[in-house]
Amino acid sequence: MSGSGSGLPASLDTGQPHSARIWNYWLGGTDNFAADRAVGDQVKQVYPEVVEVARASRAFLGRVVGFLAGEAGIRQFLDLGTGLPSAGNTHEVAQAIAPEARVVYVDNDPLVLAHARALLTGDGVTDYVDADVRDPARIVQAAAKTLDLTRPVAVMMLGVLGNVADDDVPGPGEIVAGFLAAVPSGSYLIVNDSVITAATADAVRTARNSGADYHLRTVEQMTGFFDGLELVDPGVVPTPTWRPEPGSDPKDLNVYCGVGRKP
């Protein structure tokens, strides 16, 4: 259902900035509105590196899904906070390697939902859950319609945990634990997010003052999400340096990632 003949979902508030659409703007996409671009520009003024961070995070998605579907042999993906689609979505990368791979996307932005419906017309098995990451039980129940939760699943949390405050109920650690408890041995957790520094703290304050809240953590806090898991080499590192493409010259950025296997 769209609003006023615009082709946009009726529930979409274009005047309220949203992290997925701001991210889309930084990546050079067109699925964003004036409110998103205004916040994006304000953040870029105090933290110009944010565009590189967005691009590095997107490139990591391709590398890590390639690793999971290839070397790790994973055939099921739960992509939380998937954001707006662009080239090289999770299902495209995974199903190019293993056509039988199943992917469930999760987000709660109406614009993401509208795009996700278009993605579901492909040949591979792909589904979408309209839900908030703070409700692991509901998401797991819905994902189980597409995924076999007795077999390993890659739980992908790229740029999503920053939407959860430490004092939220459930908090970020409880959310991670909830998803990991629902998947079997051999499953993987993937986390990617900016980390707190003086520069990123200024960026977060700027976004928050404009109505787009986000919560950054230290490298140590991010590493804590992998407690009890077997970290895949090279561990929790700056995102561009995680298994970079041969011949590339990755630089350290204030965005970190990690991949852990549930024993």
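The values are calculated or read from the model by the stated rules, or taken from the named source; none is laboratory data. Computed from a predicted structure; not experimentally measured. Every residue, glycine as well, gets a Cβ built from its backbone with ideal geometry; the counts of neighbours run over all protein chains shown.
Some notes on this structure:
- Of all residues in segment 37-65, those satisfying the criterion of being more than 22 Å from GLY258 (Cβ to Cβ) and either touching a residue at least 24 places away in the same chain (Cβ under 8 Å) or touching a Ser or Thr at 6+ places or on another chain (Cβ under 6 Å) (or both) are ALA38, VAL39, GLN42, VAL43, GLN45, VAL46, TYR47, VAL51.
- Considered as a group, the residues in segment 62-90 that are among the β-branched types (Val, Ile, Thr) and at pLDDT 95 or above include one that is surrounded by the fewest Cβ atoms within 10 Å (Cβ to Cβ), and that residue is ILE74.
- Checklist (1) in contact with a Pro (Cβ under 9 Å, 6 or more places away or on another chain); (2) modelled with pLDDT of 90 or more; (3) not small (Gly, Ala, Ser) applied to ASP31, failing item: (2)
- Within segment 223-252, being among the hydroxyl-bearing types (Ser, Thr, Tyr), without any contact (Cβ under 8 Å) to a residue 60 or more places away in the chain and either touching a Pro at 6+ places or on another chain (Cβ under 9 Å) or over 22 Å from VAL153 (Cα atoms) (or both) holds for THR241, SER248.
- Put simply, of VAL129, VAL103, VAL133, VAL140 the only residue that is farther than 22 Å from LEU27 by Cα, modelled with pLDDT of 85 or more and touching a His at 6+ places or on another chain (Cβ under 6 Å) is VAL103.
- Among the residues of segment 40-65, those identified as out of contact with any helix residue (DSSP H, G or I) (no Cβ under 6 Å at 6 or more places or on another chain) and part of a loop (DSSP other than H, G, I, E, B) are PRO48, GLU49.
- Segment 121-164, subset among the hydrophobic types (A, V, I, L, M, F, W, C) and assigned to a loop (DSSP other than H, G, I, E, B), residue nearest to THR82 (Cα to Cα): VAL160
- Subset of segment 61-76 (residues that are under 22 Å from ALA144 (Cα atoms) and touching a Phe, Trp or Tyr at 6+ places or on another chain (Cβ under 9 Å)): VAL65, LEU68, ALA69, ALA72, ILE74
- Residue match in segment 13-26 (condition: over 23 Å from GLY258 (Cα atoms), surrounded by fewer than 17 Cβ atoms within 10 Å (Cβ to Cβ), β-branched (Val, Ile, Thr) and modelled with pLDDT under 90): yes
- Residues that are in a loop (DSSP other than H, G, I, E, B) and at pLDDT 95 or above are absent from segment 191-199.
- Residue tally, condition in a loop (DSSP other than H, G, I, E, B), out of contact with any Leu (no Cβ under 9 Å at 6 or more places or on another chain) and under 23 Å from LEU27 (Cα atoms), over segment 66-100: 1
- Selection of segment 196-213 for residues being surrounded by fewer than 20 Cβ atoms within 10 Å (Cβ to Cβ) and touching a helix residue (DSSP H, G or I) at 6+ places or on another chain (Cβ under 9 Å) yields ILE196, ALA199, ASP202, ARG205, THR206, ASN209, SER210, GLY211, ASP213.
- Any hit, segment 167-174, residues being surrounded by fewer than 18 Cβ atoms within 10 Å (Cβ to Cβ) and in contact (Cβ under 8 Å) with a residue 40 or more places away in the chain: yes
- Of all residues in segment 91-114, those being surrounded by 24 or more Cβ atoms within 10 Å (Cβ to Cβ) and acidic (Asp, Glu) number 1.
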